[in-house]
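Chemist: Can you keep this structure in mind? I'll have questions shortly.
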There are 2 protein chains.
Amino acid sequence: MSQHITLSIDAMGGDNAPAMVVEGMDMALRDLPGTKFIVYGRSEQLVPLLEKFPKLSANVDLRHTDDVVSNDEKPGIALRSGRQSSMRKAIDAVGQHEADGVVSAGNTGALMAMAKFVLKTLPGIDRPAIASLLPTMRGESVMLDLGANIQCDAENLVQFAVMGEVFARNVLHIEKPSIGILNVGTEVLKGNDSVKQAAAILSETKLPIDFYGFVEGDDIGKGTVDVVVTDGFTGNVALKTVEGTAKLFAGALKQELMKSLPGKIGALVAKPAIDSFRERFDPRRYNGAMFLGLGGICVKSHGGTDALGFCYAIKVAHELVTDQLNEGIKEDYARFSSEHHSIPLIAAED
Amino acid sequence: MSQHITLSIDAMGGDNAPAMVVEGMDMALRDLPGTKFIVYGRSEQLVPLLEKFPKLSANVDLRHTDDVVSNDEKPGIALRSGRQSSMRKAIDAVGQHEADGVVSAGNTGALMAMAKFVLKTLPGIDRPAIASLLPTMRGESVMLDLGANIQCDAENLVQFAVMGEVFARNVLHIEKPSIGILNVGTEVLKGNDSVKQAAAILSETKLPIDFYGFVEGDDIGKGTVDVVVTDGFTGNVALKTVEGTAKLFAGALKQELMKSLPGKIGALVAKPAIDSFRERFDPRRYNGAMFLGLGGICVKSHGGTDALGFCYAIKVAHELVTDQLNEGIKEDYARFSSEHHSIPLIAAED
């Protein structure tokens, strides 16, 4: 399957770009043989880097661009003035069906704005959402939105629920994924208007959706539901809070173990177990946020990641292409939205 | 100092009440000798429990109440119909200056509504906030609001910032605490209107406040700032996300260690270090959310906690009384708000 997949890569996005991008592609290629990369960026930087990886180079179509979208560029400005940038060109390659998906570690807002402009949203989707996998006690859950939509109404949340459901079914291969809306309590009366109305819609819907109801912040780690739906503000804070807590824990565990000789010896003896623990929660393993609801596969890597993290982001894009996520969303959403529009938005219309 | 402190206790709030409440008081008394407790609840349950702790009993003034505020009671209903409840009577004891502070593990919304009604807010405070300490890489930070105010405007956030600053100075004894507003990015253009306006006000203020600017979810664990300011929706989700991630980590670490013989042996050798790690992040140590901005000390224990957790909540109340938090808030806030009202709420007035 992987022989036929081509990914376009923005080589200039990210704190450690383009070196980590090139190295990340090389790592990914080892696990995904046959993948082709169309790589956009400054050739004077990329050519010497690629020379170090002959096997990768054979699978790279390097296309020079001078322009780079900076991290502090506003999305609207980037959209207007960044037409020749590595980011835009990489997205264009998907729009022109040269590539099956795009990966960038650059400016999130600019990437979303450009991707929305070039790839358009899928039928029935007003606003695309950013989704990511998170580790839980039960395995993995998907959470969305993670920052594309700072303020969301009930209708947006319902659309996220549907997109998340399709994602969990098609990519996580969960037969009947459960959906929860993130809230400050599980009682129906809790929360703001958007979550209350969205829950009312999802509870009353005849859609074949397994709507669990409200979940709280600690349900993310518990894995209470397969899909956690939230607005982009709360979702972004929650995701980064998980990351921050993970780092705090990993750091503190090391600190406590290194404080005493028994700690050091125990850590040495238990090293394989501790390594396995650390690896399980390595944030790089969860790198690769997916833009859902677009007419093309677009994956955003964490800007501060290293080669291994970028490699995982490439793998995410590869998997979304393999699993034909967008075909699934399109089909399911057409069915869902015809159902859904027969359901009155009771509270929202008040 | 502790000889003179009297706390009123709602013995009926919490999943494991009243047993864990009585045991928690006994634990707290060992570390805070001389503390007196006025205990409200069903005497038929409490008398046999107290008999097991003769030393505690000597410091308890037991006052029978039949009524209990249930967990699913709406705050408004509890306020009107719960006048004879253990929760309300315990708050009344503070209002009538019989007790220096109240601790309850019951219904948060009802506790806040009753406390606000009985104790009133401090001058200049529109809405009290719920605050809690959180473990960080640098030690501890305070975060507020954690759920009292689901929707907040810029003015609310500014008031939280001031209350948090006073708290960090008076209770955490940090000379010049730094304040950050939780957001989805650190650039000034990011976020919703409330956080942008609040940041603009705090940046322009001549108040002697060390305003850091925006922080993100991962800054909570890093301890980037001493005071993390946010609305009650986001704060509640962030707090519970920290708790959930902590549980996920502790569980997964144990799981990985117990999987293999080297893991088990290593864990045994390193037991003191691992215990110390677990203890450092034991959620019970961070139990005891503080209601800031009220005319009396009120501490909310987690409903699902055990005796040790309740003991920590009592210690929090004791410390707030000892440090005369409310005196500090009153003095500082009077100074702050006279300053603050001279600063135009530029964006908010638009």
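Chemist: Any residue in the stretch B:54-74 that is in the same structural domain as B:MET27 (by TED's automatic domain parsing) sitting within a Cβ distance under 9 Å of a residue that is β-branched (Val, Ile, Thr) and assigned to a loop (DSSP other than H, G, I, E, B)? List the pairs, counting only those 6 or more apart or interchain.
Modeler: Going by the 9 Å Cβ cut-off, the qualifying pairs are B:ASN59/B:THR35.
Chemist: Now, a different point. From the set of residues in the stretch A:118-132 that are out of contact with any Lys or Arg (no Cβ under 9 Å at 6 or more places or on another chain) and hydrophobic (A, V, I, L, M, F, W, C), which is farthest from the other protein chains (Cβ to nearest Cβ)?
Modeler: Looking at the filtered set, the residue picked out is A:LEU119.
Chemist: So is B:SER85 small (Gly, Ala, Ser) and more than 16 Å from B:ALA11 (Cβ to Cβ) or not? Steps first, please.
Modeler: Working: small (Gly, Ala, Ser): yes; more than 16 Å from B:ALA11 (Cβ to Cβ): no.
Spelling it out, it is not the case that B:SER85 is small (Gly, Ala, Ser) and more than 16 Å from B:ALA11 (Cβ to Cβ).
Chemist: Starting from the stretch B:169-189, keep only residues that are within 14 Å of chain A (Cβ to nearest Cβ), then list their pairs with residues that are at pLDDT 85 or above and assigned to a loop (DSSP other than H, G, I, E, B) whose Cβ atoms are within a distance under 6 Å, requiring at least 6 positions of separation or different chains.
Modeler: B:GLY180/B:VAL225; B:LEU182/B:THR230; B:ASN183/B:GLY191; B:VAL184/A:GLY147; B:VAL184/B:GLY191
Chemist: Continuing with this model, one more query. Anything in the stretch A:199-244 that is among the small types (Gly, Ala, Ser), crowded, with 21+ Cβ neighbours inside 10 Å, under 15 Å from B:THR241 (Cβ atoms) and more than 7 Å from every other protein chain (Cβ to nearest Cβ)? List them, or say none.
Modeler: If we filter the stretch A:199-244 for residues that are among the small types (Gly, Ala, Ser), which is where we start, we get A:199-200, A:203, A:213, A:217, A:221, A:223, A:232, A:235, A:238, A:244.
Now restrict to residues that are crowded, with 21+ Cβ neighbours inside 10 Å: A:199, A:217, A:221, A:232, A:235, A:238, A:244.
Now narrow it down to the ones that are under 15 Å from B:THR241 (Cβ atoms): A:217, A:221, A:235, A:238, A:244.
A:GLY235 - this is the single residue of the stretch A:199-244 that is among the small types (Gly, Ala, Ser), crowded, with 21+ Cβ neighbours inside 10 Å, under 15 Å from B:THR241 (Cβ atoms) and more than 7 Å from every other protein chain (Cβ to nearest Cβ).
Chemist: Hey, another quick one. Inspect all residues belonging to the stretch A:97-112 and state whether any of them is over 27 Å from B:GLU187 (Cβ atoms) and surrounded by fewer than 21 Cβ atoms within 10 Å (Cβ to Cβ).
Modeler: Checking the stretch A:97-112: at least one residue is over 27 Å from B:GLU187 (Cβ atoms) and surrounded by fewer than 21 Cβ atoms within 10 Å (Cβ to Cβ).
Chemist: Same structure again: Give A:PHE310, A:PHE233 a once-over and let me know the one that is in contact (Cβ under 8 Å) with a residue 40 or more places away in the chain, within 30 Å of A:ALA99 (Cα to Cα) and among the aromatic types (Phe, Trp, Tyr). Show your work before the answer.
Modeler: Values: A:PHE233 fails: within 30 Å of A:ALA99 (Cα to Cα).
Just a single option satisfies the conditions, and that option is A:PHE310.
Chemist: Shifting gears a bit: Just for strands (runs of 3 or more DSSP E) wholly inside the stretch A:90-161: which have at least 2 residues that are modelled with pLDDT under 95?
Modeler: A:129-136, A:139-144
Chemist: Go through the stretch A:169-213 and count every residue that is at positive phi and among the polar types (S, T, N, Q).
Modeler: 0
Chemist: Out of the residues in the stretch A:265-279 that are surrounded by fewer than 15 Cβ atoms within 10 Å (Cβ to Cβ) and charged (D, E, K, R), which is farthest from A:ARG138 (Cα to Cα)?
Modeler: Selected residue: A:LYS271.
Chemist: Here's another thing I want to ask about it. Considering each residue of the stretch B:177-208, count those that are under 22 Å from the mean Cα position of the chain (by Cα) and more than 25 Å from A:GLY303 (Cα to Cα), and give that number.
Modeler: 3
Chemist: Another one. Give the stretch B:1-27 a look and list any residue that's acidic (Asp, Glu) and assigned to a loop (DSSP other than H, G, I, E, B), or say none.
Modeler: Result: B:ASP15, single match.
Chemist: Let me ask something else about it. Between residues in the stretch A:322-336 that are at negative phi and residues that are modelled with pLDDT under 75 and loosely packed, with under 13 Cβ neighbours inside 10 Å, which pairs lie under 6 Å by C-beta distance while being six or more apart or on different chains?
Modeler: Listed by first residue and then by second, the contacts come to A:THR322/A:MET1.
Chemist: A further question on this structure: Considering every residue within the stretch A:118-129, establish whether at least one is over 22 Å from A:GLY180 (Cβ atoms) and crowded, with 24+ Cβ neighbours inside 10 Å.
Modeler: no
Chemist: Just the residues that are part of a strand (DSSP E or B) and closer than 23 Å to A:LEU308 by Cα, please, taken from the stretch A:28-87.
Modeler: A:LYS36, A:PHE37, A:ILE38, A:VAL39, A:TYR40, A:GLY41, A:VAL60, A:ASP61, A:LEU62 - these are the residues of the stretch A:28-87 that are part of a strand (DSSP E or B) and closer than 23 Å to A:LEU308 by Cα.
Chemist: A further question on this structure: Considering only the stretch B:245-299, state which residues are facing chain A (nearest Cβ under 7 Å), over 19 Å from the mean Cα position of the chain (by Cα), among the small types (Gly, Ala, Ser) and closer than 24 Å to B:SER132 by Cα.
Modeler: B:GLY251, B:SER276
Chemist: A further question on this structure: When you check A:ILE220 against the structure, is it farther than 30 Å from A:ASP10 by Cβ and of a type in the set (A, V, I, L, M), yes or no?
Modeler: Here the answer is no, as A:ILE220 does not meet what is asked.
Chemist: Follow-up question, since we're still on this one. Can you find, within the stretch A:288-303, the residue that is modelled with the highest pLDDT among those that are part of a loop (DSSP other than H, G, I, E, B) and under 23 Å from A:ARG30 (Cβ atoms)?
Modeler: First, the residues of the stretch A:288-303 that are part of a loop (DSSP other than H, G, I, E, B): A:288, A:293, A:295-296, A:301-303.
Among the residues that remain, those that are also under 23 Å from A:ARG30 (Cβ atoms) are: A:288, A:301-302.
Values: A:GLY288: 89, A:SER301: 96, A:HIS302: 92.
Within the stretch A:288-303, the match that is modelled with the highest pLDDT is A:SER301.
Chemist: Within the group A:ILE174, A:ILE150, which residue is within 20 Å of B:CYS152 (Cβ to Cβ), within 19 Å of the chain's Cα centre (by Cα) and surrounded by fewer than 22 Cβ atoms within 10 Å (Cβ to Cβ)?
Modeler: Among A:ILE174, A:ILE150, only A:ILE150 is within 20 Å of B:CYS152 (Cβ to Cβ), within 19 Å of the chain's Cα centre (by Cα) and surrounded by fewer than 22 Cβ atoms within 10 Å (Cβ to Cβ).
The values are calculated or read from the model by the stated rules, or taken from the named source; none is laboratory data. Just so it is clear, the model here is predicted, and its values are computed rather than measured. Backbone-built Cβ (ideal geometry, glycine too); neighbour counts: all protein chains shown.
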